[in-house]
Amino acid sequence: MKIIITGGAGFIGSHVVRLFVTKYPEYQILNLDALTYAGNLENLRDIEQAPNYRFVKGDITDQAFVDHLFATEEPDAVIHLAAESHVDRSITDPLAFVKTNVLGTVHLLNAARNLWQPLGYAGKTFYHVSTDEVYGSLEMGPELFTETTAYDPRSPYSASKASSDHFVRAWHHTYHLPVKLSNCSNNYGPNHFPEKLIPLALHRIQQREPIPVYGRGENVRDWLFVKDHATAIDAVFHRGRVGETYNIGGVNEWKNLDLIHLLCDVMDEKTGQPQGSSRQLIKFVTDRAGHDLRYAIDSSKIMQELGWKPSVTFEQGLRQTIDWYLENQQWLNRVTSGQYQDYYRQQYAAR
Ligand code: NAD
Ligand code: DAU
């Protein structure tokens, strides 16, 4: 089986690529990524020589490129993660999100249909990786997002992801494309780009710089360790039913301020700072426009139907993550200085 994984140089994509390359040596994995600011091939240094792995630099907003790639590579499956993923960036530049997340997804759907429909679709899969943000925002309380919660996206990012989900389902209903979808909560773990809350806070604590907390820090997110998201994607890809959607979450809700306090305290303990000193770095700043109050996922469908469950507790996952950032200073330095963007030119472009 040949699988195109889009966005494989990004945070979650790199964990999915590594899992598939190492767990399924019989598969050929093609990592298709444009290497935007969020794409970092250094995330995949350890597997880049694997015989069943290849990287292709390319942009899914270019239909001609995508068509050519599908015609020449003839993939059996697509696991689509490439996206503009940061909510704050979507507020300042919404069009980039429409281009990649909506148009890019439709280009992939077109190419997959053109290649597979004449073959009758047998053994083919188009798997779209999406977000819980398509469901909108929950009030405080026991309510959870389920697979049947009505879509109510509120940010340009979530509107673009909701739109792409609708297009994926439309290709299933209209053209019988064999699709699968999953909608996941907030991920954390190694290789997380330091614009997102957890790696940003860890970096600021190390630098002894202010940690920006939007509003009063009362918004709630449901955090899942990225390697557990990768195993959930593996489960949905192999055992999920065609045409179905699976919600994936950590059953792990945290108010932002409580989470930042925890990060500060664990960092104080691990780096030998006086307990409580990192909390002094917290700085309340202007709230995010349209800031969704609470996300929380009901994962019972994937747990009961596919037998998936997270492998680590939040405490274990967070400690692994903090250890990783402390041990991989160079990764962080190369990302924050921009040096990581030279890696493709140095390692690949000359080949
Ligand atoms: P990321 O921003 O870390 O990585 C995105 C990757 O896509 C990068 O490698 C980037 O170079 C690539 N890319 C962007 N535009 C492209 C284009 N036009 N053509 C080809 N490649 C392009 O994102 P992430 O956090 O790893 O998220 C991956 C996917 O999972 C996204 O679809 C996102 O919506 C979804 N998701 C993310 C989270 C989360 O907490 N991060 C949670 C649920 C779902
Ligand atoms: O729920 C899944 C989504 O989680 C994914 O689809 C997105 O791709 C991913 O970026 C993430 O979105 P969030 O907006 O929830 O993540 P972020 O890390 O940007 O913010 C987490 C919370 O922390 C949110 O309530 C905003 C707040 N925040 C964020 C930053 C960057 C701060 O208070 N300060 C900050 O500096």
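Quick note: the coordinates plus some simple rules give every number you see, no bench work behind them. Quantities reported herein were computed from a predicted structural model and do not represent experimental measurements. All Cβ positions, glycine included, derive from the backbone under ideal geometry; neighbour counts span all protein chains shown.
A few remarks follow.
- Qualifying aspartates and glutamates (Cα of each under 19 Å from Cα of Lys309; at least 8 residues distant if same chain): Asp132, Glu147, Asp222, Asp228, Asp234, Glu244, Glu253, Asp298
- Estimated 222 nm signal from helices in the chain, with DSSP H stretches of n ≥ 4 weighted -39500 (n - 2.57), rounded to 500: -12000 deg cm²/dmol
- Using alpha-carbon coordinates, inclination of helix 226-239 to the longest axis of the chain, degrees: 20
- Spatially, region 289-338 and region 140-217 are offset by 12 Å when compared through their Cα centroids.
- Rounded to 5, percent antiparallel among DSSP beta bridges of region 2-347: 10
- Evaluated at q = 0.07, 0.11, 0.13 Å⁻¹: base-10 log I(q)/I(0), Debye formula over Cα of the chain: -0.28, -0.72, -1.03
- For region 214-351, the Cα-based Rg and Dmax, in that order, read 18.9, 53 Å.
- Label-point separation, Asp258 to Asn114 (7 Å along Cα→Cβ), nm: 5.1
- With Cα atoms, 0 to 90° folded angle of helix 63-73 axis to the chain main axis: 70
- Residue-count net charge about Leu306 - beta-carbon cut-off 15 Å; Lys, Arg +1, Asp, Glu -1: -1
- C-alpha long axis of helix 156-175 to longest principal axis of the chain, angle in °: 20
- Cross-link partners of Lys99 among aspartates and glutamates (Cα-Cα below 12 Å; sequence separation of 8 or more within a chain): Asp59, Asp62, Glu84
- Most tightly packed first, judged by the mean number of other beta-carbon atoms within 10 Å of their residues, the peptides 244-257, 333-346 read 244-257, 333-346.
- Considering only Ala71, Ala34, Ala201, the mean-square fluctuation computed in a Gaussian network model of the chain, springs between alpha carbons under 10 angstrom, is largest for Ala71.
- Global geometry of region 114-160, whether rounded, prolate or oblate, following the gyration tensor of its Cα atoms and the 1.5 cut on a/c: prolate
- Taking 1.306 mPa s as the viscosity and 10 °C as the temperature, the Stokes-Einstein diffusion coefficient of region 5-93 based on its alpha-carbon Kirkwood radius rounds to 117 µm²/s.
- Global form of region 123-273, assessed from the alpha-carbon gyration tensor, a/c cut-off 1.5: prolate
- For region 32-191, the Cα-based Rg and Dmax, in that order, read 16.6, 51 Å.
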